[in-house]
Amino acid sequence: MIDVQTIRQDFPILEQTVYGKPLIYFDNAATTQKPTCVIDKISTLYRMQNANIHRGVHYLSQMATEAHEQARATIADFVNAPYKDGIIFTRGTTESINLVAQCFAELCQVGDEILVSQMEHHSNIVPWQLAAERFGLEIKVIPIDIDGNILLDQYEKLFSRKTKIVSVAHVSNVLGTINPIKKIVEIAHNHNVPVLVDGAQAVAHLKIDIQSLDADFYAFSGHKVYAPTGIGVLFGKREWLDKFRPYQGGGEMIENVSFDKTTYNVLPYKFEAGTPDFISSVALETALNYLKNTNFEEIIKHEDELLKYVTYKLTQIPDLQIYGQAKQKCGVISFNIKGIHHFDLGTLLDKTGVAIRTGHHCAQPLVEFFHQNGMARASFALYNTTEEIDIFISNLKRCVDILR
Ligand SMILES: *Cc1c(COP(=O)(O)O)cnc(C)c1O
C-alpha cells in the first residue's frame, strides 16, 4: 500500500483552496502536478549549476553536461530503452511525433501509407497529415469498436506493400484504453513495418518496457509524468535514426560546419539542435526517480482502484453515459449526462473546487466517432483519493440537479 496522505504532502499545489473549496484536481491527463523535489531541483540547478552544456571547458559547464547525460541514462533505464543514444530530448510528445513524421516521410515514395487509429490525439494525426501533404502520402485509419478497443483483425487487413509506418497511442487520453501494443507491433513487424507509440498518457501510469514492446519509436512528455513542461522524449531505434536526415539545424547537432559541406553529430545529438534544456531534463530525471522511490507498482494499483471506484459510482447516476469500456484501462474516464452540456457541467463543478476537463480533448475524430461534440473527463494521478471521488460524485449530482 502507498500512503496517499504522505504523497499529497509532496505536492504543494494540492494544499490550495479554489473558490473557498479544497482543490480536487482531476485533470491529470492534461497535465500532472509537480512534487516539491522537482520544483526544488529546478531552483537548485539555476542557483548552483547553470551553464551551457557540451560547450564549456569550465567547471559549471562540465557539471551541467554530466547531469544532463546522467538524466538521459536514468530516463533510458526507466522505460527500459535498449541504449541511451536512442533517447532524444524534445519539447514534448508533439515535437517527438513531428520529428519522426517529417524525417520518416522523407524516406517514403508518393502513394505510401501511414496507419493511425481512430482514437489518436491530434498530435498523432496532424503531424502525419502535414507530412502526407508534403510528400504525397496517404493516411489510413485503424477502426475501433464502441467500447474503445482497436479492432485487431481490421488493423491487420489494412496492411499492403504501400504501408510504411504505424503510429498509435499506448493509452487513450479520452477513453483510457490501454492498447495491446505488443500485439500491434508484432503484426506490423510481420509486415516489416515500424511502429511509433505515443506514450504521453502511459509513462506516469504504467510500467513501460520499450524493449519488451519492441517499439521502433516511443514518445512522451515530461509534464504528464510530474516533470516540467517544455521537455519531452523520443526514443528511436538506431536503424531508423541513422537513416533520418536531421530534423532541425543549428548548434549542437553538427560535427563540422563549412560552407561547402557540413557533417552531423552522432546520435542522439544529431537531433538536438540548439542549447539543450538541461534544467528540464534533470528535473524529468528527478520526477522519474520520485516515482521509482514511491513504489511504482503500488501507484499503478492505487490508480486502478480509483478508476474502478469512480466507474462504479458514475454508473449509479441516471442518464450518464461512459465512453470507453475497454477491459484494460488507465485512470481516465469520459462521460456525458443526457440533456446537460459538458461545458456547463465542468463550469459548475469548477465552482465546487473540482477540476475536470471538458470539450474534445484534442481528439475530435474520436469524439465524433461517439457522435458527441465534447465530453466531460476526470483523470487521476497517484495523489488522488477515494474521498475526493466521493466529493466529486456528490458535487456532480448537485450540479446535475441545478442544470436540469
Ligand atoms: C497530451 C498528449 C499528447 C500531446 O502531448 P504534448 O505534451 O502536448 O506534446 C499526445 N498524445 C496523448 C495521448 C496525450 O495525452
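The values are calculated or read from the model by the stated rules, or taken from the named source; none is laboratory data. Computed from a prediction, not measured in an experiment: that's the story for all the values here. All Cβ positions, glycine included, derive from the backbone under ideal geometry; neighbour counts span all protein chains shown. Accessible surface areas use protein heavy atoms only, side chains included; no ligands, DNA or RNA. Shrake-Rupley method; radii C 1.70, N 1.55, O 1.52, S 1.80 Å.
General remarks:
- Subset of segment 381-395 [in contact with a strand residue (DSSP E or B) (Cβ under 8 Å, 6 or more places away or on another chain) and assigned to a helix (DSSP H, G or I)]: GLU388, ILE391, PHE392, ASN395
- Of the strands (runs of 3 or more DSSP E) entirely within segment 192-276, those holding at least 2 residues that are open to solvent by less than 10 Å² (accessible area, probe 1.4 Å) occupy 195-198, 217-221, 232-236.
- Residue within segment 279-301 that is open to solvent by 30 Å² or more (accessible area, probe 1.4 Å), touching a Phe, Trp or Tyr at 6+ places or on another chain (Cβ under 7 Å) and not in a helix (DSSP H, G or I) present: no
- Verdict on LYS327 being in a loop (DSSP other than H, G, I, E, B) and either basic (Lys, Arg) or surrounded by fewer than 18 Cβ atoms within 10 Å (Cβ to Cβ) (or both): yes
- Residue in segment 169-187 that is in a loop (DSSP other than H, G, I, E, B), within 13 Å of the ligand (Cβ to nearest atom), assigned by TED's automatic domain parsing to the domain that holds GLU113 and closer than 23 Å to PHE278 by Cβ present: no
Per-residue answers, yes or no, for (1) without any contact (Cβ under 8 Å) to a residue 60 or more places away in the chain; (2) touching a Phe, Trp or Tyr at 6+ places or on another chain (Cβ under 6 Å):
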site	(1), (2)
GLY111	yes, no
SER117	no, no
VAL126	yes, no
GLN129	yes, no
PHE135	yes, no
ASN149	no, no
HIS191	yes, yes
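- Residue in segment 147-165 that is open to solvent by less than 30 Å² (accessible area, probe 1.4 Å), within 16 Å of the ligand (Cβ to nearest atom), in contact with a helix residue (DSSP H, G or I) (Cβ under 8 Å, 6 or more places away or on another chain) and closer than 24 Å to GLN102 by Cα present: no
- Yes/no for LYS338 being under 28 Å from ILE7 (Cβ atoms) and either in the same structural domain as GLN316 (by TED's automatic domain parsing) or open to solvent by less than 10 Å² (accessible area, probe 1.4 Å) (or both): no
- Complete set of residues in segment 355-380 that are in contact with a Gly (Cβ under 9 Å, 6 or more places away or on another chain), within 13 Å of the ligand (Cβ to nearest atom) and open to solvent by less than 10 Å² (accessible area, probe 1.4 Å): HIS361, LEU366, ARG377, SER379
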